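Just below is one structure, and these are the notes that go with it.
Bear in mind these aren't lab numbers, they're just calculated from the coordinates by the rules spelled out. All values derive from a computational prediction rather than experimental measurement. Cβ coordinates were reconstructed from backbone atoms using ideal geometry, including for glycine residues, and neighbour counts include every protein chain displayed.
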């Protein structure tokens, strides 16, 4: 299989075939970045709430929720794509 992002599933393993899929499949990167930005926005919102800027803190928390939810949705969609790709591969290679 090599070390390419074209097939992120480890077909040689009997269990944990999707281990490391975020490292092999570069299509996960936008989702990971969005999740990191969501965590940063949440930290900023907590800081703003702590210093008494309630309006800005709530706004930052809402932005954090939207950005993090978008990132998680992105990563779930990519995982779903990889699972379907694995199912197609298994159908094409019935000897496994």
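Here is how the numbers come out for the structure above:
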| quantity | calculated |
| --- | --- |
| Verdict on residue 61 being more than 20 Å from residue 26 (Cβ to Cβ), touching a helix residue (DSSP H, G or I) at 6+ places or on another chain (Cβ under 6 Å), touching a residue at least 24 places away in the same chain (Cβ under 8 Å) and surrounded by 12 or more Cβ atoms within 10 Å (Cβ to Cβ) | no |
| Residue pairs meeting the criteria (Cβ under 6 Å; at least 6 apart or on separate chains; first without any contact (Cβ under 8 Å) to a residue 12 or more places away in the chain, in segment 71-91; second surrounded by 13 or more Cβ atoms within 10 Å (Cβ to Cβ) and assigned to a helix (DSSP H, G or I)) | none |
| Within segment 47-58, tally of residues that are in a helix (DSSP H, G or I) and either touching a strand residue (DSSP E or B) at 6+ places or on another chain (Cβ under 7 Å) or loosely packed, with under 14 Cβ neighbours inside 10 Å (or both) | 5 |
